[in-house]
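The next block holds one structure in the form of structure tokens; read it before the comments.
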Amino acid sequence: MRLASAGLLAAAAALLASCAAPTRDYQPDALAMMKRDFHARGSAGVDRLNEDSVQAACNKFQDNPPQEAAAKLEKEQFAAIKWPADGKLLGDWKAGERIAQNGQGMAWNDKGGVGGSCYNCHQVGPRESSFGTVGPSLYQFAKKRGYGAEIQRYAYGKIYNAKAYNLCSQMPRFGHVKALTEQQMKDLTALLMDPASPVNQ
Amino acid sequence: MHDTRRTVLKGIWAIGALASVAAAGLLSPGRAFAAWNKSAFEAKSTIDAMKMLGVANAEDSKAIEIRAPDIAENGAVVPIDITSAIPGTTSISVFIEKNPFPYTGTFDVSQGAVPYVHLRVKIGESSPVRVVVAAGGKHYMAAKEVKVTIGGCGG
Amino acid sequence: MRHALVLGLAASVSAIPWQHAAAQAADPTAAEFDKFREIMEQDNPAELFEAKGEELWRARRGPKNASLEQCDLGLGPGVVKGAYAQLPRYFADVDRVMDAEARIVHCMITLQGIKYEELAKQPFSSLVRTPEPVSLVTYVAAQSRGMKIASPQNHPKERDAYQTGKAIFHYRAGAFDFSCASCHGADDKRIRTQPLPNFTKPEQAIRAVQGWPGYRMTGGVMHSLQWRLNDCYRQQRFPEPGYVSETLSALLTYVTVNANGHVYRGPGIKR
Amino acid sequence: MADPMKIRATLQGDVADVRVLMAHPMETGQRKDAAGKIVPMHFIQTITAQLNGKTVFNADVSQAVSRNPVFAFKVKGAKPGDKLSITWQDNKGDKRTDEVVIGAAS
């Protein structure tokens, strides 16, 4: 009895292993299949199936690339951030709240980059109870971290390109892919950083 | 058949209601059950609709059970179960107070049905659901609040 | 050898209890939704589409004036009962793995002479129109109500479809760097108020299958998994996947095999 | 023509539990179509149920009833083999009647 069930367990384990670790890399098959099966629609061209350097590293290593390679790519991403020419990072938090609520942008039926989709994944302001939990809560963002220039720069930079800070972050690179304008990113930064913003109450 | 329904009709609404419906010229010979009450259905408030139906004098009752979600998953389809334990219940009427046209319908159970109905309705924003029951020529009411939320993506 | 091992997995997976209700009960709003979801499921307008689908299945239609009664859904020509619970699967006549809707469309093309282009033009339900394959897949799915999900992994191409589907599921690209796993690869996440099941885990993968095809309360239309995957890719900011394409069959193979062993409750109702 | 209703009538003692699904758009007159034009009101207004030809339940309803309506009600004095029919009529005058035979007690 013992032996038999041990045998079955071993068999199951062997199979689980074979499921978890395929005999070969299926990503080329997957990509070839997708390239054959997808078509452009609206603003979403088939070129979106191609990986850039960040996506390639994350796909290749299941979101866990070797530290050295990750650091190098993060540095590149950070260097490509375009900081506002006027040096001001804070816009209007009220406009920021509207952008945070808006979940549109970059989908094939969207006209242009209009929203930040922030509430889809994050708790932001205290009055909106319909918020996602894919990302961490941003409630009291600056109240907890401080209102200084460093934190402001971090908030703006993270919105602009989350991958400059954490290569395989699940957060989109709103500035890098031009989903949001500079003004919109300033407004979102204000939503997080302005002492008067409901986020910091 | 129409004759039967017409006889029963007198039990459904108070005489005043019947008179006002008749006066509005809405009582067609084909439908004894008060004809579809256009003016009540087009009323923009519950109280106006109740007046048109002659049930504005309804008194609160704990014998009406309204089963509906506290929070509706989707305002497009909100399930409501209504049971009246008031003896002699002849009809059940439903009003969704915050809808543009609150009066949602009347269910006549006087001709051989149990005083119970299940229906599914659209609720545009969080609103009380008010139910008026006619029984023995009198009217009774109860209400239940239903919240409507914003949802996620695809389900 | 391989075959025996696969059976071993199916057995071990089916021993895992169905945890959906327990997982959700912690959140009172979700618990309230679940309570009324059961009431909604008792009388589901999906049945109207099921009836329509049955009528379409039996009717002689298309340029060849034929019914679909000789359609082979994997259990032999004309066998509908239980077929849905064993899809996606490999079909030798097309030498590929097909999901239910892909196979139904294949039958409409081969048996009835209807053109793919015609079916692919507007494949999803709208307020004014329910495409025929949607009603048909609802009918076919209903004939597996109460049966255990058992998408096979016997043929090498079925195992390839699983692995390719898994790679597609995890492939990050597009404007927002999203993959399917961005939303459905971790436990206890939600978008706004919508809980996100983790399809990489057997006990949660069932939620990719359960309730589909589903009557969607929003809009009051019937939708199949083809629509659901299409809308995922829209929100993933990808280009559009082809209707009943092999990519979607592979993805469905990945999540369905992960859900193998759970009981399928038939066409459902969705938010 | 309108699609058939789906009617279920099951007995509990001499009370028939009747549940009905109707295929109907239930347009409120407030929705715009893809071209931005208001879709005119189109909704069921009256529902009548008959047991062996005698009216046992009827309802007047508004456009606030959900698309593809679902109703349930309970009819007294029913027995196996009885015929239960349901008729709806909408604001455009379209009508549909369907009938079921009540099954034995479950």
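The values are calculated or read from the model by the stated rules, or taken from the named source; none is laboratory data. Just so it is clear, the model here is predicted, and its values are computed rather than measured. Don't worry about glycine lacking a Cβ; one is built from the backbone with ideal geometry, like all the others, and counts go over all protein chains shown. Only protein heavy atoms, including side chains, enter the accessible area calculation; ligands, DNA and RNA are left aside. Shrake-Rupley method; radii C 1.70, N 1.55, O 1.52, S 1.80 Å.
Would you please give the FRET efficiency between A:E150 and C:E69, computed as 1/(1 + (r/R0)^6) with r the Cβ-Cβ distance and R0 = 51 Å, to the nearest 0.05?
Using R0 = 51 Å, I get an efficiency of 0.10.
Decide, for the protein assembly as shown, between rounded, prolate and oblate: order the square roots of the alpha carbon gyration tensor eigenvalues as a ≥ b ≥ c, take rounded if a/c falls under 1.5, and otherwise choose prolate if a/b is larger than b/c, else oblate.
Because a/c hits 1.5 or more and a/b fails to exceed b/c, the protein assembly as shown counts as oblate.
With θ set to phi - 60° and the Karplus curve 6.51 cos²θ - 1.76 cosθ + 1.60, what are the ³J(HN,Hα) couplings of the range D:24-32 in order, to the nearest whole Hz, using x for Gly and Pro?
7, x, 6, 6, 7, x, 10, 8, 9
Please give the Cα centre distance for the range C:139-166 versus the range A:22-88, rounded to the nearest Å.
Cα centres, the range C:139-166 to the range A:22-88: 31 Å.
Could you name the lysines in cross-link range of D:K79, using Cα to Cα under 22 Å and dropping any fewer than eight places away on the same chain?
Here the lysines satisfying the reach criterion relative to D:K79 are D:K6, D:K54.
5 Å is the cut-off here: which amide hydrogens, built 1.01 Å from N in the peptide plane, fall below it relative to B:V146, excluding neighbours closer than 5 in sequence?
Here B:S127, B:V129 satisfy the definition.
Counting only DSSP beta bridges with both residues in the protein assembly as shown, what percent are antiparallel, rounded to the nearest 5?
Looking only at bridges with both residues in the protein assembly as shown, the antiparallel portion is about 90 percent.
Round to the nearest 10 and report in Å² the accessible area of D:K79, as given by a 1.4 Å probe over the protein chains' heavy atoms.
Taking all protein chains as shown, D:K79 has close to 110 Å².
Starting at 0 and stepping by 10 Å, how many percent of the alpha carbon pairs of the range B:40-148 end up in each bin?
16, 50, 31, 3
List, in order, the whole-Hz ³J(HN,Hα) value for each residue of the range A:130-137 obtained from phi through the Karplus relation with A = 6.51, B = -1.76, C = 1.60 and θ = phi - 60°; use x for Gly and Pro.
9, 10, x, 10, 5, x, x, 5
What does the accessible area of C:K201 come to, in Å² to the nearest 10, when a probe of 1.4 Å is used?
C:K201 exposes around 70 Å² with every protein chain in place.
Please list 3J(HN,Hα) in residue order for the range A:144-158, calculated via the Karplus relation 6.51 cos²θ - 1.76 cosθ + 1.60 where θ = phi - 60°; whole Hz, with x for glycine and proline.
The phi angles translate into 7, 9, x, 9, x, 4, 4, 5, 4, 5, 5, 4, 5, x, 5 Hz.
Skipping prolines and chain starts, which residues have an amide H placed within reach, meaning under 5 Å, of the one on C:G82, given they are 5 or more residues away or on another chain?
When sequence neighbours closer than 5 places are left aside, the close amide H contacts are C:S144.
Counting only Cα, what are the radius of gyration and maximum Cα-Cα distance Dmax of chain A, in Å?
21.4, 76
Just by accessible area at a 1.4 angstrom probe, what is the order of C:T218, A:T23, C:T138 from largest to smallest?
These residues rank, largest area first, as A:T23, C:T218, C:T138.
Hey, what's the Kirkwood Rh for chain C if you take every pair of different alpha carbons, in angstrom?
19.0
Would you kindly find the accessible area of C:R265, with a 1.4 Å probe and non-protein molecules such as ligands, DNA and RNA excluded, rounding to the nearest 10 Å²?
Counting only protein heavy atoms, C:R265 exposes about 100 Å² to solvent.
Between C:E117 and C:V94, what FRET efficiency comes out of the Förster formula 1/(1 + (r/R0)^6) with R0 = 22 Å and r the beta carbon distance, rounded to 0.05?
After rounding, the FRET efficiency stands at 0.80.
Please report, to two decimal places, log10 I(q)/I(0) for the range A:44-99 at q = 0.13, 0.24, 0.29, 0.31 Å⁻¹ as given by the Debye formula with identical point scatterers on the Cα atoms and no solvent.
-0.60, -0.91, -1.10, -1.20
Just to be sure I understand the model, the point goes 7 Å from the Cα along the line to the Cβ. What's the resulting A:A56 to A:A80 distance in nm?
1.2
Provide D:K32, A:K35 ordered by accessible surface of protein heavy atoms (probe 1.4 Å), highest first.
Correct descending sequence by accessible area is D:K32, A:K35.
Which value results for Rg/Rh of the range D:12-106 when Rg is the Cα radius of gyration and Rh the Kirkwood radius based on the inverse mean 1/r?
For the range D:12-106, the value is 1.09.
Ranked from the most accessible area to the least, with a 1.4 Å probe and all protein chains present, what is the order of C:R172, C:R159, A:R24?
Descending accessible area places them as A:R24, C:R159, C:R172.
Using amide H atoms built in the peptide plane, which far-off residues or other-chain residues are under 5 Å from C:G242 H to H?
Here the answer is A:F38, A:H39, since their amide H atoms fall under 5 Å of that of C:G242.
Given the alpha-carbon gyration tensor of the range A:68-137, what are the semi-axes of its equivalent ellipsoid in whole angstrom, ordered largest first, with each equal to the square root of 5 times an eigenvalue?
Ellipsoid half-lengths, sorted descending, are 25, 18, 16 Å.
So between A:V46 and A:A71, what do we pick up on full extension, going 0.36 nm a residue minus the alpha carbon distance?
Full extension from A:V46 to A:A71 adds 6.1 nm.
Could you tell me how far the Cα centroid of the range D:2-40 sits from the Cα centroid of the range C:72-104, in Å?
The range C:72-104 and the range D:2-40 have Cα centres separated by 33 Å.
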